[in-house]
1. Would you mind counting up the charge near residue 731? Only other residues with Cβ under 10 Å from its Cβ, with Lys and Arg at +1 and Asp and Glu at -1.
2. Give me the mean projected area, in nm² to one decimal, of the convex hull enclosing the Cα positions of region 541-601.
3. Near residue 258, within a Cβ-to-Cβ distance under 14 Å, what is the net charge of the other residues, with Lys and Arg +1 and Asp and Glu -1?
4. Where the centre of each part is set by its Cα atoms, how far does region 689-762 sit from region 230-278, in angstrom?
5. Determine, for each peptide in 102-110, 444-452, the mean count of other beta carbons within 10 angstrom over its residues, then list the peptides with the highest first.
6. Between the alpha-carbon centers of region 181-210 and region 505-520, tell me the distance in whole angstrom.
7. Work from the charge dipole of region 180-265 (Cβ charges, +1 for Lys and Arg, -1 for Asp and Glu, about the Cα centre) and give the residue of 256, 217, 206 farthest towards its positive end.
8. Compute, for region 388-493, the length of the dipole vector about the Cα centre, with Cβ point charges of +1 (Lys, Arg) and -1 (Asp, Glu) only. Units Debye, rounded to 20.
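The values are calculated or read from the model by the stated rules, or taken from the named source; none is laboratory data. Fair warning: this is a prediction, and the values are worked out from it, not measured in the lab. Positions of Cβ are backbone-derived with ideal geometry, glycine not excepted, and every protein chain shown enters the neighbour counts. Just the protein is used for accessible areas: all its heavy atoms, side chains included, with ligands, DNA and RNA removed. Shrake-Rupley method; radii C 1.70, N 1.55, O 1.52, S 1.80 Å.
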Amino acid sequence: MERSFDEKSRLVLTSACSFTALWFACGVGISNAAENSVSAIMEEVEVTARKRARAEKLQEVPVAATAYSGEQLEALQTKDLESLAFKMPNVQLDDVGTVKNTANFTVRGLGVNSSIPSIDPTVGVFVDGMYLGINAGVVTDLFDLEGVEVLRGPQGLLFGRNVTGGAVVIKTARPSEEFASRFKVSTTDNLDTIVAGTVNGAISGSVNGRLTVYYNNDQGWFENLATGNDNAGASDTWFVRPSFSVQLSETADLLVRMEHGRMDSDGVVAQNRGSEPFIISTPDGPVVYPSATQIAGAFGITEWDNSEDSFEVAQDEEGYQEDEWSQVIAEFNQDVAFGGGTITNILAWREYEAHGLGDIDSLPVFGFHANTAIDQSQLSNELRYSGRFGATALTTGVYWFSQDLTYLENRLLAGGSVDITGGGEQDHRALGVFAQADIDLNDAWVLTLGGRYSTEDKDAKIATIPLNLCSLDGCAAYDFDDSESWSAFTPKVGLQWNLSDSAQLYSFWTKGFRSGGYNFRNAGINPATGMPYPPQVTDQEEQTSFEVGAKAEWLDGRLRTNMALFHNTIDDMQREENLPDALTGVAQIIRNTADATIRGAELETLAAVSDSLLLSFSLGYVDGDYDRVNGDISGDGVVDEVDLGLDIPRLAPWTYGVGLVHDLALGSAGTLTSRINFNHRDASPYTDNNRGMLSEVDMLDFSVGYRPSGGNYHLALFGKNMLDEVSEGNNTQLPITLGGVGASFTPLNKGQVVGVELTYDL
C-alpha cells in the first residue's frame, strides 16, 4: 500500500537527519563528488552537442542540455538510462515495460507510447556516434562511460531524423596510454549483485587498449502472488567491451570500440487494474468473479491488492526475455590544414536479437499471453568536417544509414484457444547531407545558419495478426506489401549574444522531422466492418520550433543558472492508439492523429554555498494542446471538441527537483560525502483517449560515501525510491473480458532499494 503523507514526511525527515546534507540533483553539469571539493563539482562537463572537432564546455554551447561526466554517473549509481529518468526538467527516460529494455523516452512533451520496433522515436539515442535504429535494446546496463549528454529540443540539423524531442548522447570511455584499472562490486537488500571492471593502458608505442567487463545478477523485486515467487522480475545481464586506439601519425588516429552482450530475464511484471466484478475470458466462455477476494480465492491467493498504490502482482505466466547484441564502431580522425580542421568518419554496425513471452492480461488465469521476436541489423556511416575560416566555424557532413528489421508476434488468448501470429519485415535506408556555420559577427554576437537535407526509403511487408499468416519461425504470406519514400529539409537560424565570458543569451528557429513508417503489430477488428483493420502508411511528422535561452555564472562562478523558453508546433503528429479488442486483446493503430502546439520553460541552478556544501535546483513546465484532430481519438465514435480537449500522452506538466551535497572532512581519515535526491513528476496520460494514466511520482534517493585520504577505494551506502513510490512503464486498456471494467496491462517499476557499492582503483 502507498504510505500516507505523514509517513512520507517522517521518512524524509529521518533521511535528512541521517546524512550531513541533501542533494536533489538537477544535473547542470555536476562533476565528480567523490573528489571531495565543491570546485570539482562545479567544474564544467564538456559536450559534443555541436559535433565540433573538440568537445566544448556546456556553458559555452547555445543548447539546452544536461550533461553527466563518467565519474558523476558512478556517484549517482547509474545502472542504465532509466536511472536518470527523473533527474532532469521535462525529461522522461522510461522503459515501456511491455518488452524489457525498450525505450519510451519523452522530452518536452514529445514521446512515444509503444514497444513496436517499426515505430521511430522522438528522442534519438546515440552511442559513440552510432544512432540506435530501434527503441528495443536501448535501456540496457551501462558502465565505464566518458559521459552522457541529454539534449533537449529538436536536434535535427546535426543529428537527423527522430530527434524532435531531443537526443541522448552516450560516450563510452576511450583507451589511453596510462595504465589504470577500476573494479566495482555492489549488492542490495535484495541481494542484487553487480560485478564490473575495466583495464586500460598502452599495448605498444602507438596503440592503446581498454577492456571493460560487466555482470549484473538482478534477483528480482516483486512478489508474484499467483506463483509464490518472491523474486519476480529477475534478470542476468553481461557485456564485454574491448576497444583500442591507434595513433596512425601526428595528425591521424583510429578508435575502434566493440561490444557483445546478453540479457536473460523474467518476462514483464505487471498489474491488471480492473475493477469489480472481474470478467475472465476462458475457452468455455466468460467467467465472472464478483470481487477481488473471490478471484484471489479461486486461485489460492489469500489477499490481492491490484490498486494503483500497490506493488502486488498475480500473474499465472512469469514469462521470459532474452536479448543479445553485438556492435562495432570505428572512428577515424584526420587533422587537415584546410581551415585548421578535422575530418571525422564514424562507421558503425550493430545486430540485435530478442525473444520473449509476456503475461499481458496480468491475471492469475490464462487470459492473454504474447510471444515476440525481434531481429535487427543496421549499418551506418557519417563523414564530417569541422574547421574554422576566419570568423566562421563550419561543421558539415554526409550521413548514410541502412537497416533490416523483422518482427513477429504470437498472441494466445482465452487459455490458448485463440492462437494467432503476425508481424512484418522492413528494409530501411536513409541519407542526409548537412552543414552548420557559426559566424562571429563581432566579439559578442554569433549568427548560426544551417540546413540538412534528408531522404528516406522504407520497403515493408506486413502480416496482420488476426489473419494468422505466420509462426514465430516466419510468415507464409503477407497481406500488405508497400514501399514509401520521404524527404525533408531541416533549416536552422540562431543568434547568440555573449554578454560576458560567463553569460550568454541565445535564440533559434528550426524545424525537425520524425520518420514515416509502418505498424508491424497490426491487430484488432474494426467494429464497423467486422474485418481486421487494414495496414496503413503513417506519414512523417513535422515540427517547427522556436527557443530562447540564457546561461550565466555569478559570484566568481559559485552560482550557475541555465534557463530556456520554447514553443513547438507539430503537424501530422504520429500516435499509437491503444484500443481494447475482444478478439485480439488490444488493437494498436498507428496514424497521424492531430496537429498540436507544445510550449514550456526550464530552469537549472547549481550553487556552491560554501567550499563543502552544494545546492542544486531544477524546474520544468510544459503545456500542450491539440490544434486539429484527424479522427476519433477519444473513442466515442465522433470527432468533436471532446477529442480536441484531450491531453497529449506522456506530457507531464511539472517536473522539479531540489537538494544539497556535502563533503565532511575527517582529517587524515578521509572524506565523507553525503547526498540525497528528491525529484517530482506530475501525472500524465499514457493513452490517446486519456483512460490510461501514468502516476504522479515523488522520487527520493540518497547516498553516503567514504573515501580515505590518499586512498584508492570508495565505499558508498545508497538508497533509491526511498518513498516506495509506484510508477508504471505504461498503462494500456484491455477489453472487459480480460479483467472487467478498467482492465489494464500495467507494467511496474521497482520500489525501494537499498545497497552498498565498493569501487577500487589501481
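1. Details: positive: 273, 691; negative: 308, 728.
Taking every other residue near residue 731 into account, the sum is 0.
2. Over all viewing directions, region 541-601 projects a mean Cα-hull area of 6.5 nm².
3. Values: positive: 174, 210, 241, 257, 350; negative: 128, 144, 259, 331, 351.
Computed value for this residue: 0.
4. Taking the Cα centre of region 230-278 as reference, the centre of region 689-762 is 18 Å away.
5. So the peptides 102-110, 444-452, ranked by packing, come out 102-110, 444-452.
6. 38 Å
7. Going by the charge dipole, the pick is 206.
8. On the way: 7 positive and 16 negative charges, 83 e Å.
Using only the charged Cβ atoms, the result is roughly 400 debye.
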